[in-house]
1. Let me cross-check Glu193: its accessible surface, 1.4 Å probe, with only protein heavy atoms counted, in Å² to the nearest 10?
2. Rounded to the nearest 0.05, what FRET efficiency is calculated for Phe175 and Asn396 with R0 set to 60 Å and r the Cβ-Cβ distance?
3. Excluding ligands, DNA and RNA, what is the solvent-accessible area per residue of the chain at a probe of 1.4 Å, expressed in Å²?
4. In the chain, what cysteines have no partner Cβ closer than 4.7 Å?
5. Going toward the positive end of the dipole of the stretch 589-649, with +1 on Lys and Arg Cβ and -1 on Asp and Glu Cβ, which of Ser617, Val593, Leu639 do you reach last?
6. Is the shape of the stretch 92-140 best called rounded, prolate or oblate, per the rule: a/c under 1.5 gives rounded, else a/b larger than b/c gives prolate, else oblate, with a ≥ b ≥ c the square roots of the Cα gyration tensor eigenvalues?
7. Just order 436-446, 274-284, 398-408, 505-515 by mean Cβ neighbour count inside 10 Å, highest at the front, would you?
8. Taking amide H positions as placed in the peptide plane 1.01 Å from N, state which residues far from Cys542 in sequence (5 or more) or on other chains have amide H under 5 Å from it.
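The values are calculated or read from the model by the stated rules, or taken from the named source; none is laboratory data. Just so it is clear, the model here is predicted, and its values are computed rather than measured. Positions of Cβ are generated from backbone atoms using ideal geometry, with glycine treated the same way; all protein chains shown enter the neighbour counts. Calculation scope for accessible area: heavy atoms of the full protein, side chains included, ligands and nucleic acids excluded. Shrake-Rupley method; radii C 1.70, N 1.55, O 1.52, S 1.80 Å.
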Amino acid sequence: MLFLPSPSSLTFFHHHHLLPPRLLFTNAIKTATKDQNNKTHTIRNTKIKKSTRMMSTNLPTSSPSPLEQDEQQHLLLNQVLKYHNQTKHSLTNYARGPHGLDWANQPNPFRRYLPSPLLPLQHHPTLKDQNDENNPPLYPPLFLSLPPPKPVSSTTLSQFLYDSLSLSAWKTTSFSTWSLRVNPSSGNLHPTESYIISPSISSLSDSPFVAHYAPKQHALELRTQIPSNFFQFFPENSFLVGFSSIFWRESWKYGERAFRYCNHDIGHAIGAVSFAAATLGWDVRLLDGLGFSDLQNAMGLGFYPPMEIPSRHVQGRFPELEFEHPDCLLLVFPNNSPQFSIDYTTLRSAFGEYSSLDWKGKPNSLSKDHVCWDIIYRTAEAVKKPMAVEPRFSVNAFRSSALISEGLYKDLTVREVVRKRRSAVDMDGVHVMERETFYQILLHCLPSGSQDAGEKQGKQLAFPYRVLPWDSEIHAVLFVHRVKELPKGLYFLVRNDAHFDSLKKATRSEFEWEKPEGCPAVLPLYRLAKGNLQRLSKQLSCHQDIASDGCFSLGMVARFEPTLHEKNVWMYPRLFWESGILGQVLYLEAHAVGISATGIGCYFDDAVHDILGLNGSEFQSLYHFTVGSPVLDKRIMSLPAYPGPDIDA
């Protein structure tokens, strides 16, 4: 995922002698409409108003008055906007990062809690056995309905982790060997750590427990045992999955922009878990009523003292940078469970007692020396979700997604798709996608699934988006290059109809906003302009050929500052989570139809906005993606995931 050159390896725009994006866009549209008027255009620098206030690292700890609370929220929002603006790549400058890669201090991608007891899990065949009744379901039907739920056991928990967070292969050349995982990660750096909070499971633990998942061993590290009555809060056969992020793993390569990528990875992990759970008939829901300290207690992550954030980025020995930032807890439960509610107040109280439990093991050291990019940690502080927020919990009925034809997909099980998923490094620039395949992929990108007459997209009811409790805030602008019987050009997928008028008003007045030919009535896809935009899409994605050589590429556009105002600043990382889940669907859709995809985190933020005509920060681009036929590097050999070589890579 995220084929991103490090900033030091990129050549700036003016060294390429390329046309500015707006001129590339204008020329492409003129060619499509046979308008040969040769006017000179220059790029308009879109500047978002910068905050003049800085966040204090010593935020009030006592209960603030309403006025103080408003002031505090203002400071936190300014910190988030400061981070987002400061970490944008531009045509003449990249976000701050290392000038080279310090290979001697590359972080270990595998966290261990030695000497915690290691509980081995079972392995499962990737290829389906025609005579095996336990084969995972085929890929397309998963979007229509979930299969009957299986009980939680050593076998099913092993399968769940094997199909979501485990190693998928090892790769080797004459120079190096490295591992790949089922869940993608920017730069294959894997800042995401995962935890299981489970009831007692025969052959694993006689008591309910908290365990850290060790993907290299495909095993659970037992961290502690928890009270036997804990799972009274949840339906029978439920368990929890926790995610945390080690920012240092990403910032080692990408510097200040790493906070964005860590949260992309959380979204991909949530998506990966949702798919693996669905094959077992399990539903997944984010427990978003929990605060930062609740998550820290639940996963036993209080072993590092609070970090004193420096006033600027500094290099040295900072073992506290290897701490895990608790991100979220997911409830995994049988899809046919009767309606239930969760008392967050009581649940928080239970997690509050976890600090007195007997936690086993200490985290291993990942690097000898570090670089602290201070703005990452200031922003992480600003977006910490407090306690006593969003006390309500609900589960909506499963909504199926529209299916044009199962024949558009290969005859693959979900396991075959997720374990064969790879991030393409190059696209062939030749393959042409069928129009129906393109529409089908986009139908599976809709948060509300199949809608009845008069209903609109927005509420996240369809698989796998139903894991999130908020209405969709992410849309997609598409650069269509090679789709049969579909004109090349710029298109827009509106994933929340409530935003349509705002989007149309915020973008260029000359855009068409017309439904393309053959587009299903339930698909809110609109053509903005015709034209060959291959050079433009390449330039916008940091001059990477992969953005122009596929069948189509896209940018994920978030309703940005209004969301932070309406739902609070902790939505900032959650916007990246939502884009990561959408990215996970694009990955799996591409592989399920027999091609490939990759996420692109390196793009010129405001140049993208300029092409769309966006001003200010009402809408912002958060993630790019490309889908097409991959070019395989025959110099790289594949090795089985298990047993793998005895190296940490």
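1. Spelled out: Glu193, probe radius 1.4 Å, area about 10 Å².
2. Once rounded, the FRET efficiency stands at 0.75.
3. 39 Å²
4. Cys262, Cys328, Cys372, Cys445, Cys519, Cys551
5. Of the options given, the answer is Leu639.
6. oblate
7. Final packing ranking: 274-284, 436-446, 398-408, 505-515.
8. Amide H to amide H, under 5 Å and 5 or more residues apart or across chains, Cys542 pairs with Phe604.
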